[in-house]
Amino acid sequence: MAKAGILGSAVVGQTLARGFKRHGYEVRIASRTPEKLAAFAKESGIDAGTFADVAAWADLLVLAVHGGGALAAMTLAGADHVRGKLVIDATNPISDKPPVEGVVQFFTGPNQSLLEELQGAFPEARFVKAFNSVGAARMVNPEFPGGPPTMFYCGNDARAKAEVARILEQFGWEGADMGTAVAGRAIEPLCQLWCIPGFLRNSWTHAFKVLWS
Ligand SMILES: NC(=O)c1ccc[n+]([C@@H]2O[C@H](COP(=O)([O-])OP(=O)(O)OC[C@H]3O[C@@H](n4cnc5c(N)ncnc54)[C@H](OP(=O)(O)O)[C@@H]3O)[C@@H](O)[C@H]2O)c1
(Lines give C-alpha, C1' and ligand atoms only; values in the text may rest on other atoms or scores of the structure.)
Protein backbone atom coordinates (compact mmCIF):
# COMPACT_ATOMS: atom_id res chain seq x y z
CA MET A 1 0.00 0.00 0.00
CA ALA A 2 1.48 3.39 -0.98
CA LYS A 3 2.07 5.74 1.95
CA ALA A 4 0.69 9.27 1.45
CA GLY A 5 1.92 11.95 3.85
CA ILE A 6 -0.22 15.06 4.00
CA LEU A 7 1.69 18.17 5.11
CA GLY A 8 -1.06 20.47 6.36
CA SER A 9 -3.70 20.18 9.03
CA ALA A 10 -6.50 22.49 7.85
CA VAL A 11 -9.41 21.88 5.50
CA VAL A 12 -7.35 20.97 2.41
CA GLY A 13 -5.03 18.69 4.36
CA GLN A 14 -7.92 16.92 6.07
CA THR A 15 -9.94 16.61 2.85
CA LEU A 16 -7.08 15.15 0.82
CA ALA A 17 -6.05 12.89 3.71
CA ARG A 18 -9.54 11.39 3.72
CA GLY A 19 -9.46 11.18 -0.10
CA PHE A 20 -6.20 9.24 -0.19
CA LYS A 21 -7.46 6.91 2.54
CA ARG A 22 -10.68 6.31 0.60
CA HIS A 23 -8.60 5.40 -2.45
CA GLY A 24 -6.62 2.75 -0.62
CA TYR A 25 -3.51 4.61 0.49
CA GLU A 26 -2.00 4.40 3.94
CA VAL A 27 -2.20 8.01 5.15
CA ARG A 28 -0.68 10.22 7.82
CA ILE A 29 -1.27 13.95 8.31
CA ALA A 30 1.20 16.54 9.62
CA SER A 31 1.13 19.69 11.69
CA ARG A 32 3.63 21.68 13.75
CA THR A 33 1.37 20.71 16.66
CA PRO A 34 0.00 17.25 15.82
CA GLU A 35 -1.86 17.15 19.17
CA LYS A 36 -4.46 19.51 17.73
CA LEU A 37 -5.45 16.78 15.26
CA ALA A 38 -6.40 14.31 18.02
CA ALA A 39 -10.15 14.48 17.33
CA PHE A 40 -9.62 14.26 13.55
CA ALA A 41 -7.24 11.31 13.98
CA LYS A 42 -9.70 9.48 16.19
CA GLU A 43 -12.66 10.07 13.90
CA SER A 44 -10.84 9.41 10.58
CA GLY A 45 -8.41 6.71 11.64
CA ILE A 46 -5.57 8.82 10.16
CA ASP A 47 -2.58 9.27 12.46
CA ALA A 48 -1.03 12.70 12.91
CA GLY A 49 2.65 13.55 13.29
CA THR A 50 5.16 16.33 12.82
CA PHE A 51 6.14 17.52 9.35
CA ALA A 52 9.50 15.71 9.70
CA ASP A 53 8.05 12.41 10.95
CA VAL A 54 5.34 12.26 8.29
CA ALA A 55 7.74 13.27 5.48
CA ALA A 56 10.24 10.60 6.53
CA TRP A 57 7.53 7.92 6.64
CA ALA A 58 5.73 8.74 3.36
CA ASP A 59 6.32 7.52 -0.20
CA LEU A 60 4.57 10.57 -1.61
CA LEU A 61 3.66 13.92 -0.06
CA VAL A 62 0.95 16.52 -0.43
CA LEU A 63 1.84 20.09 0.51
CA ALA A 64 -1.33 21.72 1.84
CA VAL A 65 -0.13 24.60 3.99
CA HIS A 66 -0.65 28.37 3.98
CA GLY A 67 1.29 29.70 0.96
CA GLY A 68 3.36 32.04 3.12
CA GLY A 69 4.45 29.06 5.23
CA ALA A 70 5.18 26.68 2.36
CA LEU A 71 8.97 27.03 2.37
CA ALA A 72 9.02 26.85 6.17
CA ALA A 73 6.86 23.71 6.15
CA MET A 74 9.14 22.03 3.60
CA THR A 75 12.14 23.02 5.71
CA LEU A 76 10.50 21.44 8.75
CA ALA A 77 9.73 18.34 6.66
CA GLY A 78 13.45 18.16 5.90
CA ALA A 79 15.34 18.05 2.60
CA ASP A 80 16.60 14.54 3.40
CA HIS A 81 13.05 13.27 3.91
CA VAL A 82 11.65 14.71 0.68
CA ARG A 83 14.54 13.74 -1.61
CA GLY A 84 13.31 11.86 -4.69
CA LYS A 85 9.67 11.95 -3.55
CA LEU A 86 6.63 13.23 -5.40
CA VAL A 87 5.30 16.34 -3.63
CA ILE A 88 1.84 17.34 -4.84
CA ASP A 89 1.74 21.09 -4.27
CA ALA A 90 -1.80 22.31 -3.56
CA THR A 91 -0.69 25.69 -2.20
CA ASN A 92 -1.44 29.17 -3.47
CA PRO A 93 0.70 32.26 -2.84
CA ILE A 94 -2.10 34.24 -1.21
CA SER A 95 -0.86 37.34 0.62
CA ASP A 96 -2.16 38.59 3.96
CA LYS A 97 -3.76 41.61 2.25
CA PRO A 98 -7.54 41.54 1.64
CA PRO A 99 -9.08 40.78 -1.78
CA VAL A 100 -9.58 43.74 -4.15
CA GLU A 101 -13.08 43.66 -5.68
CA GLY A 102 -13.18 39.89 -5.23
CA VAL A 103 -9.63 39.26 -6.47
CA VAL A 104 -7.33 37.75 -3.87
CA GLN A 105 -3.87 39.27 -3.71
CA PHE A 106 -0.74 37.20 -4.28
CA PHE A 107 2.73 37.74 -2.85
CA THR A 108 4.26 36.52 -6.14
CA GLY A 109 4.58 38.59 -9.32
CA PRO A 110 3.19 37.68 -12.77
CA ASN A 111 6.33 35.90 -14.00
CA GLN A 112 6.88 33.99 -10.79
CA SER A 113 5.27 31.08 -8.97
CA LEU A 114 5.45 29.55 -5.55
CA LEU A 115 5.92 26.17 -7.25
CA GLU A 116 9.15 27.34 -8.91
CA GLU A 117 10.33 28.81 -5.61
CA LEU A 118 9.71 25.50 -3.83
CA GLN A 119 11.32 23.45 -6.61
CA GLY A 120 14.35 25.74 -6.56
CA ALA A 121 14.72 25.46 -2.78
CA PHE A 122 14.26 21.66 -2.76
CA PRO A 123 15.73 20.56 -6.12
CA GLU A 124 15.70 16.86 -5.27
CA ALA A 125 11.97 16.74 -4.49
CA ARG A 126 9.66 16.10 -7.47
CA PHE A 127 7.00 18.81 -7.17
CA VAL A 128 3.77 18.71 -9.16
CA LYS A 129 1.25 21.51 -8.82
CA ALA A 130 -2.34 20.20 -8.54
CA PHE A 131 -5.53 20.61 -6.52
CA ASN A 132 -4.93 24.37 -6.08
CA SER A 133 -7.68 25.56 -8.46
CA VAL A 134 -10.78 24.23 -6.70
CA GLY A 135 -12.29 24.58 -3.24
CA ALA A 136 -11.67 21.83 -0.71
CA ALA A 137 -15.33 20.79 -0.76
CA ARG A 138 -15.00 19.67 -4.41
CA MET A 139 -11.49 18.17 -4.37
CA VAL A 140 -12.33 14.49 -4.00
CA ASN A 141 -14.58 12.82 -6.58
CA PRO A 142 -16.73 15.90 -7.22
CA GLU A 143 -20.09 15.40 -8.91
CA PHE A 144 -21.04 17.90 -11.62
CA PRO A 145 -23.84 17.63 -14.21
CA GLY A 146 -21.27 18.31 -16.97
CA GLY A 147 -19.09 15.35 -15.99
CA PRO A 148 -15.57 15.33 -14.56
CA PRO A 149 -14.02 18.80 -14.25
CA THR A 150 -10.49 19.64 -15.34
CA MET A 151 -7.54 19.80 -12.97
CA PHE A 152 -4.51 21.56 -14.40
CA TYR A 153 -1.16 20.26 -13.25
CA CYS A 154 2.49 20.88 -14.04
CA GLY A 155 5.97 19.94 -12.89
CA ASN A 156 9.46 19.13 -14.12
CA ASP A 157 9.49 15.38 -13.54
CA ALA A 158 7.62 13.22 -16.08
CA ARG A 159 7.34 10.19 -13.77
CA ALA A 160 5.92 12.33 -10.95
CA LYS A 161 3.38 13.84 -13.33
CA ALA A 162 2.35 10.38 -14.54
CA GLU A 163 1.67 9.44 -10.90
CA VAL A 164 -0.39 12.60 -10.42
CA ALA A 165 -2.33 11.85 -13.61
CA ARG A 166 -3.33 8.48 -12.10
CA ILE A 167 -4.24 10.07 -8.76
CA LEU A 168 -6.39 12.72 -10.48
CA GLU A 169 -8.25 10.02 -12.37
CA GLN A 170 -8.90 8.15 -9.11
CA PHE A 171 -10.08 11.38 -7.53
CA GLY A 172 -12.60 11.96 -10.33
CA TRP A 173 -10.78 14.59 -12.40
CA GLU A 174 -9.78 15.03 -16.01
CA GLY A 175 -6.10 15.89 -15.62
CA ALA A 176 -4.58 18.50 -17.94
CA ASP A 177 -0.77 18.49 -18.14
CA MET A 178 0.41 22.07 -18.64
CA GLY A 179 4.14 21.36 -18.85
CA THR A 180 7.00 22.22 -16.53
CA ALA A 181 7.06 24.05 -13.20
CA VAL A 182 7.08 27.37 -15.09
CA ALA A 183 3.39 26.74 -15.81
CA GLY A 184 2.83 27.34 -12.10
CA ARG A 185 2.80 31.02 -13.15
CA ALA A 186 -0.46 30.32 -15.00
CA ILE A 187 -1.99 27.62 -12.79
CA GLU A 188 -1.61 29.44 -9.46
CA PRO A 189 -3.65 32.49 -10.63
CA LEU A 190 -6.53 30.13 -11.43
CA CYS A 191 -7.09 30.30 -7.68
CA GLN A 192 -7.71 34.04 -8.03
CA LEU A 193 -10.19 33.41 -10.83
CA TRP A 194 -11.88 30.55 -8.94
CA CYS A 195 -12.39 32.71 -5.82
CA ILE A 196 -14.07 35.66 -7.60
CA PRO A 197 -17.63 34.18 -7.69
CA GLY A 198 -17.12 33.32 -4.03
CA PHE A 199 -16.20 36.79 -2.90
CA LEU A 200 -18.68 38.57 -5.22
CA ARG A 201 -21.70 36.22 -4.99
CA ASN A 202 -20.88 33.74 -2.20
CA SER A 203 -20.74 30.97 -4.82
CA TRP A 204 -18.02 28.44 -3.97
CA THR A 205 -19.11 25.15 -5.58
CA HIS A 206 -17.87 25.43 -9.16
CA ALA A 207 -14.86 23.92 -10.94
CA PHE A 208 -13.07 24.54 -14.22
CA LYS A 209 -13.62 22.41 -17.31
CA VAL A 210 -11.80 22.69 -20.64
CA LEU A 211 -13.72 21.89 -23.83
CA TRP A 212 -11.09 20.27 -26.08
CA SER A 213 -11.70 19.84 -29.81
N1 LIG B 1 -9.19 26.19 1.39
C2 LIG B 1 -9.40 25.79 0.14
O3 LIG B 1 -10.53 25.44 -0.24
C4 LIG B 1 -8.22 25.70 -0.79
C5 LIG B 1 -8.42 25.22 -2.09
C6 LIG B 1 -7.31 25.06 -2.94
C7 LIG B 1 -6.04 25.37 -2.49
N8 LIG B 1 -5.89 25.87 -1.22
C9 LIG B 1 -4.53 26.15 -0.76
O10 LIG B 1 -4.16 25.06 0.07
C11 LIG B 1 -3.34 25.50 1.14
C12 LIG B 1 -3.98 25.07 2.46
O13 LIG B 1 -5.18 25.73 2.62
P14 LIG B 1 -6.11 25.52 3.91
O15 LIG B 1 -7.28 26.39 3.71
O16 LIG B 1 -6.31 24.06 4.14
O17 LIG B 1 -5.22 25.98 5.13
P18 LIG B 1 -4.37 27.28 5.51
O19 LIG B 1 -5.03 27.95 6.63
O20 LIG B 1 -4.04 28.07 4.30
O21 LIG B 1 -3.03 26.59 6.03
C22 LIG B 1 -3.03 25.88 7.24
C23 LIG B 1 -1.78 25.05 7.30
O24 LIG B 1 -0.63 25.87 7.06
C25 LIG B 1 0.38 25.54 8.01
N26 LIG B 1 1.24 26.68 8.21
C27 LIG B 1 0.90 27.99 8.30
N28 LIG B 1 2.01 28.74 8.50
C29 LIG B 1 3.06 27.88 8.55
C30 LIG B 1 4.45 28.03 8.76
N31 LIG B 1 5.01 29.23 8.93
N32 LIG B 1 5.22 26.92 8.77
C33 LIG B 1 4.68 25.70 8.60
N34 LIG B 1 3.37 25.48 8.41
C35 LIG B 1 2.56 26.56 8.39
C36 LIG B 1 -0.42 25.17 9.24
O37 LIG B 1 0.41 24.36 10.03
P38 LIG B 1 0.01 23.91 11.52
O39 LIG B 1 -0.86 22.72 11.37
O40 LIG B 1 1.32 23.61 12.13
O41 LIG B 1 -0.70 25.09 12.16
C42 LIG B 1 -1.59 24.40 8.66
O43 LIG B 1 -1.25 23.04 8.46
C44 LIG B 1 -3.20 27.01 0.97
O45 LIG B 1 -1.98 27.29 0.32
C46 LIG B 1 -4.39 27.38 0.11
O47 LIG B 1 -4.16 28.54 -0.67
C48 LIG B 1 -6.94 26.03 -0.38
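The combined condition, being surrounded by 15 or more Cβ atoms within 10 Å (Cβ to Cβ) and either within 11 Å of the ligand (Cβ to nearest atom) or at negative phi (or both), is fulfilled by Asp47. Put simply, of Arg32, Arg18 the only residue that is part of a loop (DSSP other than H, G, I, E, B) and either in contact with a Pro (Cβ under 7 Å, 6 or more places away or on another chain) or not small (Gly, Ala, Ser) (or both) is Arg32.
The single condition among (1) charged (D, E, K, R); (2) touching a helix residue (DSSP H, G or I) at 6+ places or on another chain (Cβ under 7 Å); (3) within 15 Å of the ligand (Cβ to nearest atom) that Glu116 does not satisfy is (3).
Assess whether Val12 counts as being under 22 Å from Gly84 (Cβ atoms) and not in a loop (DSSP other than H, G, I, E, B).
no
The condition of being over 15 Å from the mean Cα position of the chain (by Cα), within 16 Å of the ligand (Cβ to nearest atom) and of a type in the set (A, V, I, L, M, F, W, C) holds for only one of Leu193, Leu168, that being Leu193.
In the stretch 54-64, what residues are more than 13 Å from the ligand (Cβ to nearest atom) and in a helix (DSSP H, G or I)? Residues satisfying the conditions are Ala56, Trp57. Restricting the first member to the stretch 183-200 and to residues that are within 12 Å of Leu115 (Cα to Cα) and modelled with pLDDT under 95, and the second to residues that are of a type in the set (Ser, Thr, Tyr) and surrounded by 16 or more Cβ atoms within 10 Å (Cβ to Cβ), no beta-carbon pair is closer than 9 Å while six or more apart or on different chains. Here is the figure for the stretch 142-153: residues that are more than 16 Å from the ligand (Cβ to nearest atom) and of a type in the set (S, T, N, Q) total 0.
Looking at Gly179, is it among the small types (Gly, Ala, Ser), without any contact (Cβ under 8 Å) to a residue 12 or more places away in the chain, away from the ligand (no atom under 16 Å from the Cβ) and assigned to a loop (DSSP other than H, G, I, E, B)? No.
The set of residues in the stretch 184-208 being out of contact with any Phe, Trp or Tyr (no Cβ under 8 Å at 6 or more places or on another chain) and crowded, with 16+ Cβ neighbours inside 10 Å consists of Gly184, Arg185, Cys191, Cys195, Phe199. Tell me, yes or no, whether the stretch 103-126 has at least one residue that is in contact (Cβ under 8 Å) with a residue 60 or more places away in the chain and closer than 19 Å to Leu211 by Cα. Within the stretch 103-126 (the criterion being in contact (Cβ under 8 Å) with a residue 60 or more places away in the chain and closer than 19 Å to Leu211 by Cα), the answer is no, since none of the residues qualifies. Considering the stretch 84-113, the residues that are under 25 Å from Asp59 (Cα atoms) and of a type in the set (D, E, K, R) include one that is farthest from the chain's Cα centre (by Cα), namely Lys85. Ile88: within 14 Å of the ligand (Cβ to nearest atom), closer than 15 Å to Pro123 by Cα and either β-branched (Val, Ile, Thr) or at pLDDT below 95 (or both), yes or no? Yes, satisfied. Leu7 meets the conditions (1) within 16 Å of the chain's Cα centre (by Cα); (2) near the ligand (Cβ under 9 Å from one of its atoms); (3) surrounded by fewer than 24 Cβ atoms within 10 Å (Cβ to Cβ) in every case but one. The failed one is (3).
The values are calculated or read from the model by the stated rules, or taken from the named source; none is laboratory data. If you're wondering where the values come from, they're calculated on a predicted model, not measured in any experiment. Virtual Cβ from ideal backbone geometry, glycine too; neighbours counted across all protein chains shown.
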